[in-house]
Amino acid sequence: LVELPSSGANSTLYGQNAGVNISTGNNNTFIGKNTGQNTTTGANNTYIGRGAGLNATGSFNVFIGQGAGANETGSSKLYIDVQDTSIPLIYGEFDNNLVRINGSFNTTGNTTIDGTLSAGSTTINGNIQVNRNGSGTSFYPFIFQNSQNPNNARANGIRIVAGQNSENSGSRFLACITPDGDEIGTIRQNGNSTVNFDTNSDIRLKTNIEPTQFGLADVLQIEVKDYDFKSELGRTRTGFIAQQLYEHYPEAVTVGGDDPKTDAWGVDYGKLTPVLVKAIQEQQAIIEAQQTEITRLKILELEVAQIKAMLQASTSVETAKAER
């Protein structure tokens, strides 16, 4: 145990050369040989492990492990490692409520995160819950970013491994649930080869059910265009223009904001399916009516031909009688 100079108070120094040069600063705890040996200032620090915080300055730091935070000059830092490194296994900033894991993170229980988790590889054998608190410029509590693949190589996002290897149509790869607990859409396993992208359509959730007002006349007004995105000149695509489609079938359009780069108008092509089906039904009714009319005209034509044949036969008989 090293006795602290009179300039510091309420501190505990234990180990050879622990805090031996501290001149100002109170409420420090240094445990281990050479912990905070060259520290001269700073308060409310906790260093544990040989050489932890060896040359450190600052206050409110916690360094755990041999050599941890040996050369850190800032305050309110957390270092947990077994060597002097600027990238410790566990790093934190108390003033920013930040914890960073520079490695793999494994847990076998449930994990609740009320802040930001930054990790390289994370394996969680349980449940993970992220609660977004406070305000900010982003409305997304989860952000997955992969920008590490150069030269147009794959930059994959999320890989979901779930379901079963055999026939199973109930396993959810993704469930969309509102804050009040209602499930409004899913991505589900369909057999062992495909998935279904489902949005709610249960009759038990619906009311005011009536035949649609949309149909063939609306479909005929929808303009189909070829176009290039400005970011992909030379790659021609075929589809709709959201603003034009909105004039005829707004159900399939998401209205955007002022900046098309962050809040563009969009089209849900799948939502056009009902009106296309209705248009086909109306068109089929027209075809069948025309087919009925064609059949009637063919029968009439046959009857006319038969009458003409009968008249011709009758005329021939009368002519033969007259010649005799």
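Taking only the C-alpha atoms of segment 220-292, Rg followed by Dmax gives 16.0, 54 Å. Just to be sure I understand: of the beta bridges DSSP finds with both ends in the chain, what percent are antiparallel, rounded to 5? Beta bridges within the chain, antiparallel portion: roughly 50 percent. As an exercise, identify the trypsin sites (Lys or Arg not before Pro) in segment 237-322 lying in DSSP coil whose Cβ has no more than 10 other Cβ atoms within 10 Å. Sites meeting the loop and neighbour criteria: Lys261. Across segment 178-324, the convex hull enclosing all Cα atoms gives 312 Å³ per residue.
Take every Cα pair under 8 Å whose residues are at least 6 apart in sequence, average their separation, divide by the length of segment 31-91, and the relative contact order is 25 percent. Helix 273-323 axis versus longest C-alpha principal axis of the chain: approximately 10°, rounded to the nearest ten. Magnitude of the charge dipole for the chain, about its Cα centre and with charges confined to Cβ atoms of Lys, Arg (+1) and Asp, Glu (-1), is about 840 debye.
Where only DSSP H runs of four or more residues are counted, the chain gives -6500 deg cm²/dmol as its mean residue ellipticity at 222 nm, each run worth -39500 (n - 2.57). Residue farthest toward the positive end of the dipole of segment 191-292, with Cβ of Lys/Arg at +1 and Asp/Glu at -1: which of Ser193, Val224, Ala242? It is Ser193. Of all lysines in the structure, the ones whose alpha carbon falls short of 19 Å from that of Lys308, not counting any fewer than 8 places away in one chain, are Lys298. One chain, two ends: Thr315 and Ser104. Fully extended at 0.36 nm per residue, the span grows by 65.5 nm beyond their Cα-Cα distance. Taking chymotrypsin sites (Phe, Trp or Tyr not before Pro) as exposed when DSSP calls them loop (any state but H, G, I, E, B) and at most 12 other Cβ atoms lie within 10 Å, what is the longest stretch of the chain free of them, the sites themselves excluded? Excluding the exposed sites themselves, the longest stretch runs over 1-138. Which entry in (1) 110, 42, 39; (2) 156, 44, 44; (3) 63, 47, 40 is this structure's computed Cα extents along the principal axes in Å? Of the listed options (1) 110, 42, 39; (2) 156, 44, 44; (3) 63, 47, 40, (2) comes from this structure.
Karplus-based coupling profile of segment 256-264, in residue order and whole Hz: x, x, 6, 9, x, 7, 10, 8, 7, with θ = phi - 60° in 6.51 cos²θ - 1.76 cosθ + 1.60 and x standing for Gly or Pro.
Using C-alpha pairs under 8 Å with a sequence gap of at least 6, the mean separation divided by the residue count of the chain gives a relative contact order of 5 percent.
Coordinate-derived values only; no laboratory data. These numbers were taken from a predicted model, which means no experiment stands behind them. Every residue, glycine among them, receives a Cβ derived from its backbone with ideal geometry; neighbour counts consider all protein chains shown.
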